[in-house]
Structures are given as structure tokens and as C-alpha cells.
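**Student:** Mind looking over this structure? Questions follow.
Just so you know, all these numbers are worked out from the coordinates, no wet-lab data involved. Predicted model only: the values in this text are computed from it and were never measured. A quick note on method: Cβ atoms are made from the backbone with ideal geometry, for glycine too, and the neighbour counts reach across all protein chains shown.
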Amino acid sequence: MFPQSLYFRWPMNESRRKYLLHAIAEYSDQSAFDELFTFYFPALVPFANNIVKDVQLAEEVVEDVFVKLWHNRKTMVSIRSFSHYIYTATKYTAISSLKNQRTILYEDFSEDLRLTYSSPETIFISNENIAGIAMAINELPPKCRLVFRLIKEEGLKYEEVAQLLQISVKTVERQMSIATKKLITALQRMLPELRDHLKQKKA
């Protein structure tokens, strides 16, 4: 996916950046994506390395950020400040990479629901169900999916997402509410025990 020559960096004006983002989001333009990656990679690796203290891991962090970006390329036109976004995503991915425990956490969609691999009191999710949840997330509307990923996967606060996307906090809250309802429905469909648990909570 990524080009071989990674350490040549040239100035990029805003019109060129917007063109690349549009080409990637609308036409899945691989050459445009490679150009964007080649431009940001040399600066992002030292930035990530300041957090992880390991150059190889830092490179993996940046590549992971861009892999996720490619998978969610349709949302890229919603990003107002791409540089701010990519550095923030790299920061949180680097921090996440330092955590050794393999935990999948879907935090409090209904204010009392917590799903994780690590607690004996939780509901276990199979790999098949995890794939189903990922599919449900990918089926969210583009802006809704972007907001959800920034908050739940990148760990940003509502205010930070609002600033990154240049939208109001109320809009962020509304998009998260839409995502939450859709994912709750998907989770209940895949996990009958969760549906029963929520019914008991309401009773």
C-alpha cells in the first residue's frame, strides 16, 4: 500500500492537500494516498517516537494510522484540518500501542453497559461478533462514522472532535447518539444475552 521512498519531504500548499483528500475520498486514488503518506511520514515518525521511544514501533504506529485512514477514506472530505487530525490520530494510536493488554472495550453505550475481554463479570464477544460490530460501524453514515471513531477509537473528547471537524459540540453529540443507537441494535442482534440483560435493567 505504501511507497518505498519515504523520507523526501516537500512543501504542500492547502489547495494541493484538498485535491489529494478529494481524490482519495471520492475516487480511491492510490497515487494521491501515496503522495499524502510520503509527505507526512517523515514528520509523523519522530513525533510518534517521542511517545513510544522506539523508531520501528513509531513507524508501525504511523502506518497503522494510514491503514485506518485508507479503510475510512470516504470520511476524509469531512476533515477540515487534516494536519491537526493526522497528528492527533498518531498521538492517540502511539499511546494506545504502549498498552500491553488486549482489551476490546465498548464503553457505556447505554450508560451502564461495558463489554471487555478482561473482566470475569462481562459478556464475552466472539471474533465473529467483533467482525459484525466492525461491519456495523463501517455502515454508519460517513460523518457519523468519523465522529464515532475519533471518540471511541482515537480517544478524543467531544470538544476536540468539534474543533477538529469545525462543527459544534451539539452536532458531535447528535452524531454519537445516532451511532450509539445503531450499534446497540447491532449488538442486541448478535448477542441475545445482552438483549436479555438490557431488558432486565429496564424492568
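**Student:** How far apart, in nm, are the 7 Å Cα→Cβ label points at Q30 and A134?
**Tutor:** 2.1 nm
**Student:** 5 Å is the cut-off here: which amide hydrogens, built 1.01 Å from N in the peptide plane, fall below it relative to N72, excluding neighbours closer than 5 in sequence?
**Tutor:** Sorted by chain and number, the residues that satisfy this come to none at all.
**Student:** In the structure displayed, which of K53/K91; K91/K157; K143/K182; K53/K157 lie more than 18 Å apart, Cα to Cα?
**Tutor:** On the way: K53/K91 13 Å; K91/K157 14 Å; K143/K182 14 Å; K53/K157 25 Å.
Among K53/K91; K91/K157; K143/K182; K53/K157, the Cα-Cα distance tops 18 Å for K53/K157.
**Student:** If I take R0 = 22 Å and measure r between the Cβ atoms of K74 and L98 in this structure, what FRET efficiency does the formula 1/(1 + (r/R0)^6) give, to the nearest 0.05?
**Tutor:** For K74 and L98, the calculated efficiency is 0.15.
**Student:** Can you check what the net charge comes to around Y27, using other residues whose Cβ is under 13 Å from the Cβ of Y27 (Lys, Arg +1; Asp, Glu -1)?
**Tutor:** Net charge around Y27: 0.
**Student:** Could you rank the peptides 73-80, 27-34 by their average count of other C-beta atoms within 10 Å per residue, with the highest value first? Spell out each step's value before the answer.
**Tutor:** Details: 73-80: 18.2, 27-34: 15.4.
The most tightly packed comes first, giving 73-80, 27-34.
**Student:** So who's got an amide H within less than 5 Å of the one on L156, skipping anything under 5 residues away but keeping other chains? H placed 1.01 Å off N, in plane.
**Tutor:** Result for L156 returns I151.
**Student:** Can you figure out the FRET efficiency of R17 with K181, using R₀ = 30 Å and their beta-carbon distance, to the nearest 0.05?
**Tutor:** Efficiency computed from Cβ-Cβ geometry: 0.30.
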